[in-house]
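Take a look at the structure below.
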Amino acid sequence: MTPLARTQEKMEQKHMSAFHLYRMFSSESSGPAKKRSTKLRSKKKKRKHDIGNIPSTKAGKPRKKKIKTENHLAEGATEEIPQMESVKMEEDAMTVLMAELMKMNNSKDRASKLFQWLLDPIPTKAFFRETWEKKPILAQRKNPDYYKGLFSTEEFDRILRQEDVQYGVNLDVTSYTKGKRETHNPPGRALPLTVWDFYENGCSLRMLNPQAFSSTMWNVLSILQEHFGSMAGANVYLTPPGTQGFAPHYDDIEAFVVQLEGKKHWKVYNPRSDHEVLPVLSSPNLEQTEIGKPILEVVLEAGDLLYFPRGFIHQGNALPDAHSLHITISSYQKNSWGDLLLKMVPTAVEIAMEEDVEFRQGLPLDYISYMGVQNSDMNDPRRAKFFSKIDYLITKLKNFAPVDAAVDLKVRDFLHDCLPPKLSPEEAAGSAHGAPARWEDGNARDVGAQITSQTRVGLLRAGCARLCSDGVGVQLYYTTDNSRVYHKEEPKSFDIEPEHTDAVEFLIQSYPKFVSVGSFPCDSLGEKLTLAKLLFKKGVIYKESP
């Protein structure tokens, strides 16, 4: 009998919690395991914590703050339901903000305003000048409703009940006790019965890519990605009172920690060495003895924000008197100068070899006798001459660098990473998504794009489409058909006829203005209509409302 079958048999014999079953399954699958308590969370007496020297944008300079343990434990389900209904009657801050944003017809302006809201009261320009990629910063607002409507434990629970959430794909169950980080993911779907049992036993819950299930998160991230020019992602973290879910570590992303509910005690540490500044990869789990003393120690409360750059070590634990729900919004993964050069240099060498005979000339006959690691300490004038030749060729290589083509390669990757735009009712009504085509009275009605030379059209978003060339033809890459699930679909593109490229550029550069189809710089009205209908069917453009 397999371990899973034995586990199922024991389930039938006796009721067992998900946490007990996980322990049994992992021990039977992996051999003998050390005996340990099923309760990860130890009972702690309520106490006061004193954390000094907390930099805060509200105070304007370092100050001492005493943290009081207040009772913010979640209320029972019977009391939450009427509260949720009453909240829906009043528009929360997030609903009001998104309504204001959708009134703006320029998605770049929309993205800038949303990012400023995320940072407030920190000015965006000052943030990118003084803080971005350099140091952590904290915004304490004393306003628990500031991020209300972005995400909640009620939304977390709804997703578990209504969506196909899979352990290890959409949800991780973790713990960190006595300096050891563990992941407790069983196979299969994450049902509320097992998930909340893990939580009650002191496990933290991390929901990966919540934008796949939450329309609000989808909307927020699809807007922010235009501000960064890089993928904006998110993870949600729900931590029981008095526990920690993750070991100290650093990440390869710029992190914006948005505290939604409860409190969390954070410690942030400097990179340990120069090579961990703005790292290419995230770190493994680190030991407390490896990370030194924190440069910032703070308790985030609902409505607060903490930013730290990639490479800064961090850890967070929930206080004994309250659970913690926060969302980490991230960006700038693999978006460095080095990542661009990785796209550009190999192609530059190929071009140089095609066009310049010096790159095709043979290496010295005896170069292996004085070059290489085994000869690196050799005092031989031929080595200096060899290095001089390399320096000369690298300097000359810049003349063959296809910078624009390399940027297009990066942009293609970005467009593949992008979330599709979440359309406003007006955008949906004027696009292919709201076209009146339907089945009625035994016939297909209103089929076709219904576009004339007088129809005024515009790009759906500033960054939703990009003209690129593979050296043979021209393609238009676009995001409007992307999935909300990261890389679920292949990159979306279609060929553009050479005689239509000027018209596509005209459309892109006209954003956010609407232009008439008749104004497209094509040779004939037929070509103008053909191109407009193609772009409309692909969801790249939409029609101006009357």
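The values are calculated or read from the model by the stated rules, or taken from the named source; none is laboratory data. If you're wondering where the values come from, they're calculated on a predicted model, not measured in any experiment. Don't worry about glycine lacking a Cβ; one is built from the backbone with ideal geometry, like all the others, and counts go over all protein chains shown. Remember, those area values only see protein heavy atoms, side chains included, never the ligands or the DNA or RNA. Shrake-Rupley method; radii C 1.70, N 1.55, O 1.52, S 1.80 Å.
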TODO: State all residues of the stretch 177-204 that are touching a strand residue (DSSP E or B) at 6+ places or on another chain (Cβ under 8 Å) and assigned to a helix (DSSP H, G or I); if no residue qualifies, say none.
DONE: Val195, Phe198, Tyr199
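Being modelled with pLDDT of 95 or more, charged (D, E, K, R) and either open to solvent by 30 Å² or more (accessible area, probe 1.4 Å) or assigned to a helix (DSSP H, G or I) (or both), is that true of even one residue in the stretch 167-176? Break it down into steps so the answer makes sense when it comes.
In the first step, residues of the stretch 167-176 are kept if they are modelled with pLDDT of 95 or more; the result is 167-176.
Then drop every residue that is not charged (D, E, K, R), which leaves 172.
Now narrow it down to the ones that are either open to solvent by 30 Å² or more (accessible area, probe 1.4 Å) or assigned to a helix (DSSP H, G or I) (or both): none.
Looking for residues that are modelled with pLDDT of 95 or more, charged (D, E, K, R) and either open to solvent by 30 Å² or more (accessible area, probe 1.4 Å) or assigned to a helix (DSSP H, G or I) (or both), one finds none in the stretch 167-176, hence no.
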Open item on the list: What's the number of the only condition in (1) charged (D, E, K, R); (2) surrounded by fewer than 20 Cβ atoms within 10 Å (Cβ to Cβ); (3) over 16 Å from Asn317 (Cα atoms) that Glu254 fails to meet?
Closed with: (2)
- [ ] With the checklist (1) part of a strand (DSSP E or B); (2) among the small types (Gly, Ala, Ser); (3) surrounded by 15 or more Cβ atoms within 10 Å (Cβ to Cβ) in hand, flag the one item Gly463 doesn't pass.
- [x] (1)
Open item on the list: Of the conditions (1) open to solvent by 10 Å² or more (accessible area, probe 1.4 Å); (2) modelled with pLDDT of 95 or more; (3) more than 29 Å from Val96 (Cα to Cα), Gly179 satisfies every one except a single condition; which number is it?
Closed with: (2)
- [ ] Test each condition in (1) in contact with a strand residue (DSSP E or B) (Cβ under 8 Å, 6 or more places away or on another chain); (2) open to solvent by 20 Å² or more (accessible area, probe 1.4 Å) for Val472 and report the one that comes out false.
- [x] (1)
Open item on the list: Between Ala449, Ala432, which is of a type in the set (A, V, I, L, M), at pLDDT below 90 and over 22 Å from Asp109 (Cα atoms)?
Closed with: Ala449
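Filter the stretch 494-525 for residues that are part of a loop (DSSP other than H, G, I, E, B) and touching a helix residue (DSSP H, G or I) at 6+ places or on another chain (Cβ under 6 Å) and give the result.
We begin by selecting, within the stretch 494-525, every residue part of a loop (DSSP other than H, G, I, E, B); these are 497, 511-514, 520-524.
Of everything in the stretch 494-525, those that are part of a loop (DSSP other than H, G, I, E, B) and touching a helix residue (DSSP H, G or I) at 6+ places or on another chain (Cβ under 6 Å) turn out to be Phe520, Pro521, Cys522.
One line per residue, one yes/no per condition, for (1) farther than 30 Å from Lys389 by Cβ; (2) hydrophobic (A, V, I, L, M, F, W, C):
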site: Glu301; (1), (2): yes, no
site: Phe308; (1), (2): yes, yes
site: His314; (1), (2): yes, no
site: Asp321; (1), (2): yes, no
site: Ile327; (1), (2): yes, yes
site: Ser330; (1), (2): yes, no
site: Gly338; (1), (2): no, no
site: Pro346; (1), (2): no, no
site: Arg360; (1), (2): no, no
Open item on the list: Filter the stretch 264-306 down to the residues that are among the β-branched types (Val, Ile, Thr), free of Cβ contacts under 8 Å to residues at least 40 places away in the same chain and closer than 22 Å to Ala139 by Cβ and list them by number.
Closed with: none
TODO: Considering only residues that are without any contact (Cβ under 8 Å) to a residue 40 or more places away in the chain, among the aromatic types (Phe, Trp, Tyr) and in contact with a helix residue (DSSP H, G or I) (Cβ under 7 Å, 6 or more places away or on another chain), look in the stretch 322-374 and name the one that is most open to solvent (accessible area, probe 1.4 Å).
DONE: Tyr367
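Residue under question is Lys113, and the condition is that it be out of contact with any Phe, Trp or Tyr (no Cβ under 9 Å at 6 or more places or on another chain), charged (D, E, K, R) and open to solvent by 30 Å² or more (accessible area, probe 1.4 Å); does it hold?
yes
Results for (1) over 22 Å from Ala318 (Cβ atoms); (2) touching a His at 6+ places or on another chain (Cβ under 6 Å); (3) open to solvent by less than 30 Å² (accessible area, probe 1.4 Å), shown as yes or no for each residue.
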| site | (1), (2), (3) |
| --- | --- |
| Ala247 | no, no, yes |
| Asp274 | yes, no, no |
| Pro279 | yes, no, yes |
| Ser282 | yes, no, no |
| Gln288 | no, no, no |
